[in-house]
Amino acid sequence: MRVLERRFVQDFIRMANDGYEQGWHERNGGNLSYRLTDHEVDSVKDRLLDHGEWHPIGASVPGLAGEYFLVTGTGKYFRNIIMDPEACIALIELDDAGENYRIRWGLVDGGLPTSELPTHLLNHEVKKRVTNGKHRIIYHAHTTNVIALSFVLPLNDEIFTRELWEMATECPVVFPEGVGVIPWMVPGGKEIGIETSKMMEKYNAVIWAHHGMFCSGETFDLTFGLMHTIEKSAEILVKVMSMAPRKLQTITPDNFRDLAVGFNISLPERFLYEKKD
Ligand code: 2HA
Ligand code: ZN
C-alpha cells in the first residue's frame with residue numbers, strides 16, 4: 001500500500017481540508033502534525049527515502065528521539081493539501097538526540113516542514129510525557145473569532161476560559177481544564193514554542209493573541225473537535241458582544257458547579273470567580 005493510502009495519512013488530509021473549509025487557513029496560515037505509532041512506522045518503512053539530509057529542528061526535544069511525524073510544509077496552502085498532498089505534507093524522522101530531522105516522504109516539489117516545527121515538537125514532547133503517549137496531534141489554526149476576542153478581552157487564562165465556557169454548555173465538558181493565553185510574540189521560533197509548551201503541561205488549547213490557537217489531542221476527531229468547539233464559542237461571544245453591552249442572563253458559577261456534579265468532571269474554582277457588575 002502506498003504511504004498516501006494509509007489511514008493516518010487520509011485522516012490527516014481530511015482534517016486539514018476540514019480546517020480550510022472552516023475558513024481557518026487563509027493563504028499558508030496554520031499547520032498540523034501527527035506523531036506516528038510504531039505500527040504505522042513499520043507499515044510504511046519500505047516506502048521511505050533514506051538519503052535525506054539532516055536539518056536542525058531549532059529546538060531540543062530528546063523526549064521525541066527517533067519518532068516519526070507527518071507534518072504540513074512551510075509556505076504550503078491548506079487549500080491545496082487535498083489536491084496535491086505529496087507536495088504539501090511530509091513524513092519526517094527525528095535523530096537519536098532529538099536535535100535534527102530528515103524528510104523521509106513527501107514535499108516532492110521541494111520545501112521544508114512547517115515554520116512552527118519548534119512549537120509543534122516542543123508541544124508533542126510535553127504531551128507525550130503528560131498523557132503517557134496518548135496525545136499524537138498538534139494543530140495550529142487562525143481561528144477568526146478567537147483572534148478577534150484577543151483584542152477585547154484581557155489576555156488572561158481565567159477570563160478567556162470563563163467567557164468561552166459561558167457561551168455554550170458543552171464547553172466546560174469539552175475543555176474542563178480551561179485554555180491558556182499567550183500575549184503576542186514573534187511566531188516561528190523556539191521562544192514562542194517554549195512558552196506554548198509550558199502551557200501544554202496543563203491545557204489542551206493555547207491561544208496566541210492576535211494570531212490563532214494551538215490544540216493538542218489523542219485523535220484527529222478530538223483535536224479538530226476541540227478547535228471547532230472553542231472557535232464556535234468565541235463566535236457566539238463575538239455575536240453577543242456585538243448585539244448588546246452586557247448579557248441579560250448567562251450560565252452562573254453555581255450552574256457550572258451543578259454541571260460538574262452532573263457530568264462528573266472537575267471544574268477548577270479559579271475559573272468560577274464572581275464578576276463585578
Ligand atoms: O504560516 O500559521 O504561524 C504558517 C503559520 C505561522
Ligand atoms: Zn499561524
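The values are calculated or read from the model by the stated rules, or taken from the named source; none is laboratory data. No experiment lies behind these values; they were computed from the predicted model shown. Note that we place each Cβ from the backbone using ideal geometry, even for glycine, and neighbour counts take in every protein chain shown. Areas reflect the complete protein model, heavy atoms only, side chains present, ligands, DNA and RNA absent. Shrake-Rupley method; radii C 1.70, N 1.55, O 1.52, S 1.80 Å.
Looking only at region 159-171, decide whether some residue is within 30 Å of L259 (Cβ to Cβ) and open to solvent by 50 Å² or more (accessible area, probe 1.4 Å).
Yes, the conditions are met somewhere in region 159-171.
If you check H210, H228, which single one turns out to be closer than 23 Å to N17 by Cβ and open to solvent by 40 Å² or more (accessible area, probe 1.4 Å)?
H228
E170 versus (1) without any contact (Cβ under 8 Å) to a residue 60 or more places away in the chain; (2) within 16 Å of ligand 1 (Cβ to nearest atom); (3) of a type in the set (D, E): which is the lone unmet condition?
Condition not satisfied by E170: (2).
Suppose the filter is of a type in the set (A, V, I, L, M, F, W, C), open to solvent by less than 30 Å² (accessible area, probe 1.4 Å), away from ligand 2 (no atom under 15 Å from the Cβ) and assigned to a strand (DSSP E or B); does V181 pass it?
yes
Quick one: is L122 touching a Gly at 6+ places or on another chain (Cβ under 7 Å), of a type outside the set (G, A, S), over 18 Å from M227 (Cα atoms) and in contact (Cβ under 8 Å) with a residue 40 or more places away in the chain?
yes
Among the candidates G58, G23, single out the residue that is at positive phi, in contact with a Ser or Thr (Cβ under 7 Å, 6 or more places away or on another chain), open to solvent by 30 Å² or more (accessible area, probe 1.4 Å) and not β-branched (V, I, T).
Unique residue meeting the criteria: G23.
Could you pull out the residue among E269, E218, E195, E235 that is more than 16 Å from ligand 2 (Cβ to nearest atom), in contact with a strand residue (DSSP E or B) (Cβ under 9 Å, 6 or more places away or on another chain) and open to solvent by 40 Å² or more (accessible area, probe 1.4 Å)?
After ruling out the rest, the residue left standing is E218.
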